[in-house]
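Take a look at the structure set out below.
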Amino acid sequence: MNNNNGFTIIEVLASIVILVILLTIFFQFFIFSKSASSNNQEKLVAINIAQKVLEQIKADAYPEITENADPAITYPYTYDKESSCDSLEASETAGCINRYVTHINKTSYLTKIIVNEEMEMRLHSVEVIIEDDNGKIKSKVKGFVEI
């Protein structure tokens with residue numbers, strides 16, 4: 001008598017292989033999704049920092065840019081932690097560094113500000129660039145500031 005009610009070992013192995021392949025594809029999607037979500041969060045943080053810096057420049061929170069406009073400066077001129085904070089006294093250095101380095105979610109974001117030549121009505125084109133610790137650009141924001 002033949003009993004054909006069960007599965008053969010080959011059928012069971014084939015179904016396990018198919019299941020493993022489908023689960024691998026499924027988990028790859030979740031790994032990619034997590035990575036993309038993390039990258040997008042970093043970009044969003046960098047965009048918000050850049051916009052905040054541009055608004056702070058407009059509100060005169062960067063005195064090295066807005067108050068001490070030197071007519072002898074050749075444009076475009078770059079302000080960053082090294083060029084703006086190294087020549088200050090020790091009491092002013094911490095505040096200056098805090099303007100150019102932002103720490104959020106255990107990540108440091110470095111701010112670089114490029115001020116271009118004066119246009120009409122004392123407006124300067126300003127570009128705020130946010131970089132990570134490795135120098136990779138995370139965000140750029142452009143605007144006009146009266147200096």
- Note on the structure: Going residue by residue through the stretch 135-147, the Karplus relation 6.51 cos²θ - 1.76 cosθ + 1.60 with θ = phi - 60° gives ³J(HN,Hα) values, rounded to whole Hz and with x marking Gly or Pro, of x, 7, 6, 9, 6, 9, 9, 10, x, 10, 10, 8, 10
- Rounded to 10°, Cα long-axis angle of helix 90-100 versus longest principal axis of the chain: 50 degrees
- What residues qualify as long-range amide H neighbours of Glu118, i.e. H under 5 Å apart, gap of 5 or more or another chain, H built at 1.01 Å from N? none
- Query: How long are the three semi-axes of the equivalent ellipsoid of the chain, in whole Å, if each is the root of 5 times an eigenvalue of the C-alpha gyration tensor, listed from largest down?
  - Reply: 58, 16, 10
- Note on the structure: With label points set 7 Å from each Cα along the Cα-to-Cβ direction at Thr107 and Ser37, the distance between them in nm comes to 1.5 nm
- State to the nearest 20 debye the size of the charge dipole of the stretch 9-146 about its Cα centre, where the only charges are +1 on K and R beta carbons and -1 on D and E beta carbons. 800 debye
- Debye-sum result for the stretch 20-90 in log10 I(q)/I(0), which assumes one identical scatterer on each alpha carbon, at q = 0.29 Å⁻¹: -1.25
- Using 0.36 nm per residue of separation minus the Cα-Cα distance, give me the extension gain between Thr8 and Asn134 in nm, one decimal. 39.7 nm
- Counting other C-beta atoms within 10 Å, which of Val115, Val17, Val53 has the fewest, and how do the rest follow? Val17, Val115, Val53
- Which value, in debye to the nearest 20, describes the size of the charge dipole of the stretch 71-146 about its Cα centre when Lys and Arg Cβ atoms bear +1, Asp and Glu Cβ atoms bear -1, and nothing else is charged? 380 debye
- Message: To test your reading of the geometry: what angle, between 0 and 90 degrees and rounded to tens, separates the Cα axis of helix 9-58 from the longest principal axis of the chain?
- Response: 10 degrees
- Item | Residue of Asn116, Asn40, Asn134 that the Gaussian network model of the chain assigns the largest fluctuation, springs spanning Cα pairs under 10 Å | Asn134
- Message: Please enumerate, by chain and number, the lysines with C-alpha under 18 Å from the C-alpha of Lys58, excluding those fewer than 8 residues away in the same chain.
- Response: Lys112, Lys140, Lys142
- Item | Mean separation of Cα contacts under 8 Å, 6 or more apart, over the residue count of the stretch 9-146: relative contact order % | 23 percent
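Since every read-out is calculated from the coordinates, none of them should be taken as a lab result. Small disclaimer: the values here were computed from a predicted structure and weren't measured. Note: ideal-geometry Cβ built from the backbone for every residue, glycine included; neighbour counts use all protein chains shown.
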